[in-house]
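A quick write-up on the structure given underneath.
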Amino acid sequence: MLTSSQIRDCYLKFFERNGHKIVSSSSLIPFNDPTLLFTNAGMNQFKDVFLGNENRPYKRATTSQKCMRVSGKHNDFKEVGHSTRHHTFFEMLGNFSFGDYFKTDATKFAWDLVTKEMGLDPTRLWITVYQDDDEVWKIWHKHVGIPADKIMRLGEKDNFWAMGDTGPCGPCSELHYDFGVSPIPNHGQCDLTCSCGRWVEIWNLVFMQFNRDAGGKMTPLPSPSIDTGMGFERITTILQGKSTNYDTDLFRPLLDEIAQIANVEYGTSASDDVSMRIIADHARAATFVIADGQYPGNDKRGYVLRKIMRRAMVHGKKLKVDRPIIYRVAGRVIELMKRGYPELSSSRETVARVIKQEEEAFADTLGLGLRDFYDRAKRIKSSGARVMTGEIVFYLYDTRGLPLEIIEELAQENDLVVDEAGFTKALEEQRERSRQDYHSGKVREQVARTVFEGKTTFVGYDCIGPVKTTVRAILVDGEQSDTLEQGQAGELVLETTPFYAESGGQIGDTGVIARGDNRARVTGTIYRGTTITHIARMEKGALQVGEEVEASVDMEKRRQIMKNHTATHLLHAALRSVLGPHVKQAGSLVAPDKLRFDFTHFAPLSAPEIEKIEDQVNEQIWGNQTVRTNLMDLESAMKSGAMALFGEKYQEKVRVVEIPGFSKELCGGTHVGATGAIGALKVVSESGISAGVRRIEALTGPGALARFRSDEKLLDHIQTEYKVARPEIPSMLEKLQAQVRNLQKVVGDLKVQNARSAIGEILTTVRSIEGVRVLAQRVPEMDRAGMRSLADDLRHKLGSGIVILGTPQDGKVALVVMVTEDLCRRIPAGKIIKEIALLVGGTGGGKAELAEAGGKDSSKLADAIERSYSIIEALLRA
Ligand SMILES: [Zn+2]
Ligand SMILES: [Zn+2]
């Protein structure tokens with residue numbers, strides 16, 4: 001039997017022998033295509049090649065592509081697991097011709113591969129073609145030799161493909177496999193259009209032949225192309241002689257792993273099987289998505305990933321697994337798949353940590369959410385209803401973090417229906433509430449849009465002023481205005497500006513816009529669309545639309561910002577070099593007095609790691625490297641290895657900031673001409689801000705010096721005040737601490753001794769209750785060990801009886817109860833202390849002979865001690 005790895009290789013090698021270049025799968029997170037949530041077909045990475053916008057050094061390519069289908073048109077998310085045919089993550093094998101071979105070769109390749117290389121029985125294979133595509137019908141029949149009755153003509157819905165409403169499109173032809181019998185008993189005869197499961201489409205060949213314009217008119221493409229997609233899981237099922245994808249070696253080892261963890265067996269319980277399949281499928285998806293750099297979160301892609309993981313967690317709970325499970329299954333996924341996708345190996349640790357963290361973080365909420373769900377489901381059903389109202393669903397979604405799909409799935413299992421319209425309404429209402437908060441801002445926004453039409457030319461890379469320019473528009477109190485009067489605040493739009501508008505983490509510039517003596521102070525600069533606007537207050541005189549002005553940026557502040565921005569790039573590169581390529585920028589702030597950099601990483605940085613990073617950055621600074629900026633087209637920028645924020649949309653022309661041999665990033669920010677200007681960089685804090693994301697704050701140049709000075713002052717102060725040489729400060733502090741500890745112990749011992757000397761006196765207060773000697777006493781403040789030893793002494797003196805001691809401790813209460821051996825079965829210490837602890841606002845427990853407790857309210861201690869006699873009386877009588 002061929003393994004899945006061999007089947008993948010078989011496909012790729014066959015096309016390689018036939019002149020195709022084996023191209024690696026592209027990332028699941030589409031680069032530079034925000035319209036697409038996840039890569040969902042082999043052709044995604046070649047879209048621009050097909051559109052003629054991009055050239056590749058090859059005309060034929062073949063891939064095994066990672067794909068995800070979890071939203072949009074092909075959304076089978078809720079089906080996954082219940083059906084054995086749908087998946088969130090899957091692999092698609094494909095071969096592509098970019099204006100090279102066409103229908104004849106494509107069909108011949110397909111037939112040869114499945115019948116000769118893969119050895120499928122030709123009598124089991126059926127063909128479909130587009131109804132009007134006589135050309136390909138003839139090829140199948142005449143060239144390949146398929147009997148006419150095994151070629152079906154289908155309509156546009158099934159066999160016509162289009163990239164979008166306009167653009168490349170064309171007919172398809174599909175290969176179907178016939179399992180011979182329907183999995184549904186007594187199903188009767190059917191053909192390949194039936195969805196019973198007897199027939200499986202294994203391969204779709206798309207013939208990109210036309211270009212469709214907005215009017216629907218189709219003109220033949222000058223060089224028609226080929227795009228094909230074979231379902232990898234399906235062909236593996238067929239070639240391994242299995243009946244479902246889950247029985248293949250792609251899934252079976254995962255199900256075995258889950259079976260072992262959950263102590264269940266696959267195939268013995270229908271509902272357990274569903275849960276196991278869901279965990280297996282979703283663990284695969286989570287593994288691949290995280291390995292491609294997307295972590296769970298609340299943005300679009302992050303939420304989809306989170307939803308997938310939460311659904312798997314729900315099913316982990318259903319299998320009664322109370323520990324994190326998905327990260328362990330993910331480990332198996334990597335073992336199974338790393339041959340086909342080597343990037344998985346280097347992400348092993350990342351994947352495990354991200355998943356485990358998410359599982360641990362959601363575990364409690366999930367427990368509450370599920371309990372809440374079942375409570376409410378029970379109440380609804382006992383009231384005779386069947387509908388879960390939108391309000392309840394929204395509560396579970398909003399407060400308990402259960403994704404809608406999961407609530408629907410749970411509802412279905414409990415014979416309930418979800419009021420989806422009601423839920424949408426509740427969701428809308430919540431959005432409306434937050435919208436209203438922004439309403440006034442919105443009106444402003446609208447006025448602003450009309451004012452801020454067009455693009456402001458930014459000239460501040462090379463020159464920070466004064467720049468001669470014209471006032472194009474003024475906005476005051478959200479209204480368009482002709483002038484900005486003395487004392488008024490508003491927004492100024494200029495023809496060109498040296499002011500950098502806040503973006504890419506770099507804060508906006510401040511400065512002055514003036515005409516002669518008329519002067520506006522600019523306190524911030526921001527983008528509104530493509531227009532740059534200056535938030536300003538008129539300090540003196542007035543400014544009018546159309547007037548010529550001079551714009552000057554606060555030079556000193558901007559210089560600091562430039563230093564910090566370049567320093568951020570150095571830090572980014574050093575982090576990747578020291579910690580590894582999994583480090584990705586997650587956010588940044590570049591201000592004049594500090595810089596902040598957020599990045600993906602799992603563990604706190606160690607002191608040596610931070611030092612290494614600082615060393616690398618400072619080495620670049622002291623080498624005084626020239627900072628180069630270049631305008632390049634996006635593709636060559638990426639090819640040259642420039643780092644980009646993934647998922648971000650870039651213009652065709654991008655600005656590349658390079659510190660040669662060390663850092664290269666797409667960046668629109670302002671930078672120093674050479675790194676030496678930064679002076680020095682010192683990391684001052686490192687912390688975690690969310691699961692898998694760390695934050696570093698650092699100072700440069702004068703800021704670093706100021707920090708150094710204040711630390712020096714602090715040390716000087718200690719040195720003179722305590723008359724100790726600097727290197728001896730730590731040992732002096734250690735000595736002091738040891739002394740304090742010693743003294744504390746001496747004081748404690750004295751207190752116990754003191755109390756002990758009063759033992760004789762204490763013993764006179766013994767009372768006899770139901771024939772048992774009971775001693776309850778409030779003693780002066782002492783630690784627990786002291787209390788225990790005192791109680792022990794008293795117990796011995798009593799010989800037989802009960803000792804209860806209470807002491808105030810820092811405003812709280814400590815209690816100890818001891819019972820001699822002869823009595824401890826009849827009246828265990830743990831039972832006594834529970835009741836007394838209640839009186840001082842605490843809880844406690846313990847064994848039969850000794851129990852301890854703490855309480856919150858020391859003002860009630862005396863009363864509690866007094867009442868303990870009656871408590872014991874009641875317990876003895878019971
Ligand atoms: Zn059928
Ligand atoms: Zn930058």
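The values are calculated or read from the model by the stated rules, or taken from the named source; none is laboratory data. Please read these numbers as outputs of a predicted model, since none were measured by experiment. As a convention, Cβ positions derive from the backbone with ideal geometry for all residues, glycine included, and neighbour counts pool all protein chains shown. The accessibility values were calculated without ligands, DNA or RNA, using every heavy atom of the protein model including side chains. Shrake-Rupley method; radii C 1.70, N 1.55, O 1.52, S 1.80 Å.
Just name the residue that is nearest to VAL657 (Cα to Cα) out of those in the stretch 626-643 that are touching a residue at least 60 places away in the same chain (Cβ under 8 Å) and not in a helix (DSSP H, G or I). Among residues in the stretch 626-643 that are touching a residue at least 60 places away in the same chain (Cβ under 8 Å) and not in a helix (DSSP H, G or I), the one nearest to VAL657 (Cα to Cα) is THR629.
Hey, does the stretch 609-616 have a residue that's assigned to a helix (DSSP H, G or I), touching a helix residue (DSSP H, G or I) at 6+ places or on another chain (Cβ under 7 Å), touching a residue at least 60 places away in the same chain (Cβ under 8 Å) and closer than 28 Å to ARG353 by Cα? Yes, some residue in the stretch 609-616 is assigned to a helix (DSSP H, G or I), touching a helix residue (DSSP H, G or I) at 6+ places or on another chain (Cβ under 7 Å), touching a residue at least 60 places away in the same chain (Cβ under 8 Å) and closer than 28 Å to ARG353 by Cα.
Listed by position, the strands (runs of 3 or more DSSP E) enclosed by the stretch 536-601 that each have at least 3 residues that are within 16 Å of ligand 2 (Cβ to nearest atom) and either at pLDDT below 95 or open to solvent by less than 40 Å² (accessible area, probe 1.4 Å) (or both) are 585-590, 595-600. When you scan the stretch 778-792, do you find a residue that is crowded, with 20+ Cβ neighbours inside 10 Å, touching a strand residue (DSSP E or B) at 6+ places or on another chain (Cβ under 8 Å) and within 13 Å of VAL840 (Cβ to Cβ), even just one? No. On inspection, GLN585 does not qualify as among the polar types (S, T, N, Q) and over 30 Å from the mean Cα position of the chain (by Cα). Among the residues of the stretch 20-28, is there at least one that is under 18 Å from GLU117 (Cβ atoms) and surrounded by fewer than 19 Cβ atoms within 10 Å (Cβ to Cβ)? Yes; the residues of the stretch 20-28 include at least one that is under 18 Å from GLU117 (Cβ atoms) and surrounded by fewer than 19 Cβ atoms within 10 Å (Cβ to Cβ). Looking across ARG707, ARG655, one residue alone is free of Cβ contacts under 8 Å to residues at least 60 places away in the same chain, touching a strand residue (DSSP E or B) at 6+ places or on another chain (Cβ under 7 Å), more than 24 Å from SER503 (Cβ to Cβ) and surrounded by fewer than 21 Cβ atoms within 10 Å (Cβ to Cβ). It is ARG707. Within the option set GLY661, GLY688, GLY669, being outside any helix (DSSP H, G or I) and either within 16 Å of ligand 1 (Cβ to nearest atom) or at positive phi (or both) holds for one residue only, GLY661. Counting the residues of the stretch 102-144 that are within 30 Å of ASN53 (Cα to Cα) and crowded, with 20+ Cβ neighbours inside 10 Å gives 9.
Looking at the structure I just gave you, is ARG707 basic (Lys, Arg) and in contact with a Pro (Cβ under 8 Å, 6 or more places away or on another chain)? No: the conditions fail for ARG707.
Of all residues in the stretch 120-144, how many are free of Cβ contacts under 8 Å to residues at least 12 places away in the same chain and farther than 30 Å from PHE210 by Cα? Total meeting the criteria: 3. Count of the stretch 824-873 residues, restricted to those that are part of a loop (DSSP other than H, G, I, E, B), open to solvent by 60 Å² or more (accessible area, probe 1.4 Å) and farther than 22 Å from ARG767 by Cβ, is 2.
Considering only residues of the stretch 164-197 that are in contact (Cβ under 8 Å) with a residue 60 or more places away in the chain and either among the hydroxyl-bearing types (Ser, Thr, Tyr) or within 16 Å of ligand 2 (Cβ to nearest atom) (or both), which is nearest to ILE235 (Cα to Cα)?
Residues of the stretch 164-197 in contact (Cβ under 8 Å) with a residue 60 or more places away in the chain: 167-168, 173, 175, 177, 179, 183, 192, 197.
Among the residues that remain, those that are also either among the hydroxyl-bearing types (Ser, Thr, Tyr) or within 16 Å of ligand 2 (Cβ to nearest atom) (or both) are: 173, 177.
Values: SER173: 17, TYR177: 9 Å.
Per the criteria, the residue is TYR177.
Considering SER25, SER64, the condition of being within 18 Å of ARG284 (Cα to Cα) and modelled with pLDDT of 95 or more is satisfied by SER64 alone.
Against the list (1) free of Cβ contacts under 8 Å to residues at least 60 places away in the same chain; (2) within 27 Å of TYR246 (Cβ to Cβ), the condition PRO147 fails is (2).
Assess whether SER24 counts as being of a type in the set (S, T, N, Q) and part of a loop (DSSP other than H, G, I, E, B).
Values: of a type in the set (S, T, N, Q): yes; part of a loop (DSSP other than H, G, I, E, B): yes.
Criteria met by SER24.
Looking at THR670, THR700, can you tell me which residue is hydroxyl-bearing (Ser, Thr, Tyr), under 30 Å from THR35 (Cα atoms) and open to solvent by less than 50 Å² (accessible area, probe 1.4 Å)? Of THR670, THR700, the one residue that is hydroxyl-bearing (Ser, Thr, Tyr), under 30 Å from THR35 (Cα atoms) and open to solvent by less than 50 Å² (accessible area, probe 1.4 Å) is THR670. The sole residue among ASN630, ASN624 that is within 15 Å of ligand 2 (Cβ to nearest atom) and open to solvent by 50 Å² or more (accessible area, probe 1.4 Å) is ASN630.
Taking the condition among the β-branched types (Val, Ile, Thr), modelled with pLDDT of 85 or more and either within 51 Å of the chain's Cα centre (by Cα) or part of a helix (DSSP H, G or I) (or both), does ILE804 pass? Outline the logic, then answer.
Values: among the β-branched types (Val, Ile, Thr): yes; modelled with pLDDT of 85 or more: yes; either within 51 Å of the chain's Cα centre (by Cα) or part of a helix (DSSP H, G or I) (or both): no.
Judged against the criteria, ILE804 is not a match.
Being in contact (Cβ under 8 Å) with a residue 60 or more places away in the chain and closer than 22 Å to TYR341 by Cα is the requirement here; does ARG252 meet it? It is false that ARG252 is in contact (Cβ under 8 Å) with a residue 60 or more places away in the chain and closer than 22 Å to TYR341 by Cα. Residue check: is VAL333 over 28 Å from SER269 (Cβ atoms) and either without any contact (Cβ under 8 Å) to a residue 12 or more places away in the chain or not small (Gly, Ala, Ser) (or both)? Answer is no for this residue. When we screen PHE102, PHE90 for residues that are within 12 Å of ASP227 (Cα to Cα) and among the aromatic types (Phe, Trp, Tyr), the only hit is PHE102. Mind listing just one residue for me: the one in the stretch 210-228 that is surrounded by 20 or more Cβ atoms within 10 Å (Cβ to Cβ) and of a type outside the set (Asp, Glu) and, of those, nearest to ligand 1 (Cβ to nearest atom)? The qualifying residue nearest to ligand 1 (Cβ to nearest atom) is THR228. Residues that are open to solvent by less than 20 Å² (accessible area, probe 1.4 Å), within 16 Å of ligand 1 (Cβ to nearest atom) and either among the acidic types (Asp, Glu) or under 18 Å from PHE96 (Cα atoms) (or both) within the stretch 145-194 comprise just one, ASP178. Can you tell which of PHE96, PHE38 is within 40 Å of the chain's Cα centre (by Cα) and farther than 21 Å from LEU305 by Cα? Selected residue: PHE96, the only one of PHE96, PHE38 that is within 40 Å of the chain's Cα centre (by Cα) and farther than 21 Å from LEU305 by Cα.
Check the stretch 425-447 and report whether any residue there is of a type outside the set (Lys, Arg), surrounded by 14 or more Cβ atoms within 10 Å (Cβ to Cβ) and at pLDDT 80 or above. There is at least one residue in the stretch 425-447 that is of a type outside the set (Lys, Arg), surrounded by 14 or more Cβ atoms within 10 Å (Cβ to Cβ) and at pLDDT 80 or above.
Scanning the stretch 664-695 for residues that are under 30 Å from VAL351 (Cα atoms) and either of a type in the set (Lys, Arg) or within 15 Å of ligand 2 (Cβ to nearest atom) (or both) turns up LYS664, GLU665, LEU666, CYS667, ARG694, ARG695.
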